[in-house]
1. If A76 passes every condition in (1) of a type in the set (G, A, S); (2) in contact with a strand residue (DSSP E or B) (Cβ under 6 Å, 6 or more places away or on another chain); (3) at pLDDT 95 or above but one, which one does it miss?
2. Could you tell me which residue of region 39-77 is surrounded by the fewest Cβ atoms within 10 Å (Cβ to Cβ), considering only residues that are of a type outside the set (A, V, I, L, M, F, W, C) and assigned to a helix (DSSP H, G or I)?
3. Count, please, the residues in region 2-30 that happen to be part of a loop (DSSP other than H, G, I, E, B), surrounded by fewer than 14 Cβ atoms within 10 Å (Cβ to Cβ) and in contact with a Gly (Cβ under 9 Å, 6 or more places away or on another chain).
4. Kindly provide the set of residues from region 18-77 that are among the polar types (S, T, N, Q) and more than 15 Å from T7 (Cα to Cα), ordered by number.
5. When region 47-70 is examined, which residues are found to be in contact with a Lys or Arg (Cβ under 9 Å, 6 or more places away or on another chain) and of a type in the set (G, A, S)?
6. Can you pull out every residue in region 19-69 that is touching a residue at least 12 places away in the same chain (Cβ under 8 Å), out of contact with any Ser or Thr (no Cβ under 6 Å at 6 or more places or on another chain) and among the charged types (D, E, K, R)?
Amino acid sequence: MSTRTVTVEITGMHCASCGILVDDCLEDVDGVVTSQTSIKTGQCVAVVTGTVTDDDVLAAVVEAGYTGTILATAGAS
């Protein structure tokens with residue numbers, strides 16, 4: 001299974017529960033392998049399969065109630 005890593009800057013998070021909510025919404029997306037959100041950095045790093053687009057990642061962030069900007073995408077295997 002081919003995967004890639006997507007790094008997202010997230011605005012509007014204020015506490016650890018915010019990060020957990022973002023991770024939960026991302027991990028509900030079919031094709032998201034893992035999601036780790038840091039309230040300290042205001043960023044999320046998600047490992048996704050090839051079926052997940054950047055728009056899918058951003059939609060999950062919006063669903064959680066925040067605004068996201070893709071900072072980087074890196075391919076992996």
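1. The number of the failed condition is (3).
2. Step one: filter region 39-77 for residues of a type outside the set (A, V, I, L, M, F, W, C), giving 40-43, 49-51, 53-56, 63, 65-69, 73, 75, 77.
With assigned to a helix (DSSP H, G or I) added as a condition, the list becomes 54-56, 63.
Numbers: D54: 14, D55: 9, D56: 17, E63: 15.
Going through the qualifying residues, I end up with D55.
3. So the first thing to find is which residues in region 2-30 are part of a loop (DSSP other than H, G, I, E, B), and the list is 2, 12-15, 28-30.
Then keep just the ones that are surrounded by fewer than 14 Cβ atoms within 10 Å (Cβ to Cβ); that gives 2, 12, 14-15, 28, 30.
Within this subset, residues satisfying the condition of being in contact with a Gly (Cβ under 9 Å, 6 or more places away or on another chain) are 2, 12.
The total comes to 2.
4. In the first step, residues of region 18-77 are kept if they are among the polar types (S, T, N, Q); the result is 34-38, 41, 43, 49, 51, 53, 67, 69, 73, 77.
T51, S77 - these are the residues of region 18-77 that are among the polar types (S, T, N, Q) and more than 15 Å from T7 (Cα to Cα).
5. Residue satisfying the conditions is G50 alone.
6. D24, D28, D30, D54, D56, E63
The values are calculated or read from the model by the stated rules, or taken from the named source; none is laboratory data. From a predicted model like this one, the values you see are computed outputs, not experimental measurements. Because the Cβ atoms are built from the backbone with ideal geometry, glycine has one as well, and the counts that use them run over all protein chains shown.
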